[in-house]
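Quick notes on the structure that follows.
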């Protein structure tokens, strides 16, 4: 079995990956909080851990991949006060919270399918595991590392830190954190500013709330991953992943929770992908550079020069190491598109190569280099560079300046097929065309449903705008008593 070396964030070094129960691997990755459309920031962790999922399976492991959906408990600014992000969106859109969850979960799934991200083995929702989270809170209370206050339950960070190390993952010092933390209005029920909510008593106007022995309320954001990870992967599992922005406080709090509840941390290997910037700036709505994946696929955002296929986005992400910052620009995406097309064309060329009685190219050497690259902490840019270098030999064979045997040709074709499609998760041009057709159908359906909602809300200006836009794009719309019918002109 090929050996995989990964960078363990917890110990800040590369380690040879050794699962608890080989050949079985338990992997948990933080999924989206579904209160808006899937955006460019969602794409990077999804693609990164999809490659890890694919490669672990390729080298012989049976992987249980759990990726959660956060649909309750995530308050504004990742704090213990404010409004639930989904409840706020529901109030603004005048919908039920679970309507918001369903709408944006489907949008996320559509985008992941377009990016050729494999579905996880299990995709639990926080709202479906309230009992498990309440039981987890009680175990932390029983351990003495939490306290009840006015119907809410908080984790006692300073008490925990006396016996363990709060800051072990992020490298932060609790004294420095305390000196840089100010008391906030509405948090006087906490004993200390660093304490975080395990269970929050709901205000009367709070939409999503459940009965508990402490109060009618809802779980804290950090709790869901600890509870669901244990339910589906056990009290100790192999890999936990997510974006670098989740390292603190989210993942730090997870370590504290599992250690308090079980006497040890649940996770053996922590893996974090870095962020995507746009022209050197952090992506944000206030900066006007926040781009949804649907806007990328359609080219409708004002900073885009053209539409980009999902495979172009995927290849763009894979051209940088997952632990490096990735800067988005139109130029970078256009270069990624050309590079991907060269590799896909190279694969087509391999299938047509003439064969000879001897080879003047080192196919086995290429195989070793490719496996060494991907096994070294998922070094996709180095892997891709090896595949690009090999294109020179492929072109030389096609031009008659080099030769290859049938056996080596078969190895070369399999090598490109395995790495391009099975591990990197790219799609052939025929598959892309089929996928784009399905994506177009989904996008039209979403716009027509938005038009229907606008009509129900008597927003006829918006309804007419959507209809005119689709008509100009060649979509023929027929209103019916049950809704609508459409076809392409």
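The values are calculated or read from the model by the stated rules, or taken from the named source; none is laboratory data. Predicted model only: the values in this text are computed from it and were never measured. Counting neighbours? That spans all protein chains shown, and the Cβs are built from the backbone with ideal geometry, glycine included.
Results, tabulated for the structure shown:
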quantity: Subset of segment 94-127 (residues that are part of a helix (DSSP H, G or I) and within 24 Å of residue 309 (Cβ to Cβ)); calculated: 104, 105, 106, 107, 108, 109, 110, 111, 112, 113, 114
quantity: Elements of type strands (runs of 3 or more DSSP E) contained in segment 1-93, each with 2 or more residues being over 18 Å from the mean Cα position of the chain (by Cα) and at pLDDT 95 or above; calculated: 5-8, 13-16, 24-29
quantity: Which numbered condition residue 392 misses (of (1) more than 30 Å from residue 6 (Cβ to Cβ); (2) surrounded by fewer than 18 Cβ atoms within 10 Å (Cβ to Cβ); (3) modelled with pLDDT under 95); calculated: (3)
quantity: Residue 316 being in contact (Cβ under 8 Å) with a residue 24 or more places away in the chain and not assigned by TED's automatic domain parsing to the domain that holds residue 56; calculated: no
quantity: Filter result for residue 139 (in a helix (DSSP H, G or I), surrounded by fewer than 21 Cβ atoms within 10 Å (Cβ to Cβ) and in contact (Cβ under 8 Å) with a residue 12 or more places away in the chain); calculated: yes
quantity: Boolean, residue 211 is in the same structural domain as residue 66 (by TED's automatic domain parsing), under 14 Å from residue 130 (Cα atoms) and at pLDDT 95 or above; calculated: yes
quantity: Selection within segment 463-489 - in a helix (DSSP H, G or I) and surrounded by fewer than 15 Cβ atoms within 10 Å (Cβ to Cβ); calculated: 464, 465, 468, 469, 471, 472
quantity: Matching entry among 239, 255, 276 (being within 29 Å of residue 36 (Cα to Cα) and over 18 Å from the mean Cα position of the chain (by Cα)); calculated: 255
quantity: Residue count for segment 447-462, restricted to those that are loosely packed, with under 13 Cβ neighbours inside 10 Å and outside any helix (DSSP H, G or I); calculated: 2
quantity: Single residue of segment 155-169 satisfying the filter (buried (at least 21 other Cβ atoms within 10 Å of the Cβ) and farther than 18 Å from residue 189 by Cα) that is farthest from the chain's Cα centre (by Cα); calculated: 160
quantity: Residue count for segment 211-235, restricted to those that are part of a helix (DSSP H, G or I) and either touching a strand residue (DSSP E or B) at 6+ places or on another chain (Cβ under 8 Å) or crowded, with 23+ Cβ neighbours inside 10 Å (or both); calculated: 9
quantity: Neighbours by Cβ (under 6 Å, 6+ apart or cross-chain): first from segment 241-269, closer than 17 Å to residue 194 by Cα; second in a helix (DSSP H, G or I) and at pLDDT 95 or above; calculated: 254/225; 254/226; 256/160; 257/226; 260/140; 260/143
quantity: Some residue of segment 276-286 being at pLDDT below 95, in contact with a strand residue (DSSP E or B) (Cβ under 7 Å, 6 or more places away or on another chain), outside any helix (DSSP H, G or I) and closer than 24 Å to residue 109 by Cβ; calculated: yes
quantity: Scan of segment 114-137 for residues that are over 24 Å from residue 85 (Cα atoms) and out of contact with any strand residue (DSSP E or B) (no Cβ under 9 Å at 6 or more places or on another chain), ordered by number; calculated: 114, 115, 116, 117, 135
quantity: Some residue of segment 237-249 being farther than 23 Å from residue 51 by Cα and either modelled with pLDDT under 95 or surrounded by 16 or more Cβ atoms within 10 Å (Cβ to Cβ) (or both); calculated: yes
quantity: Check on residue 367, surrounded by 15 or more Cβ atoms within 10 Å (Cβ to Cβ) and more than 22 Å from residue 320 (Cα to Cα); calculated: no
quantity: Check on residue 190, in a loop (DSSP other than H, G, I, E, B), at pLDDT below 95 and buried (at least 18 other Cβ atoms within 10 Å of the Cβ); calculated: yes
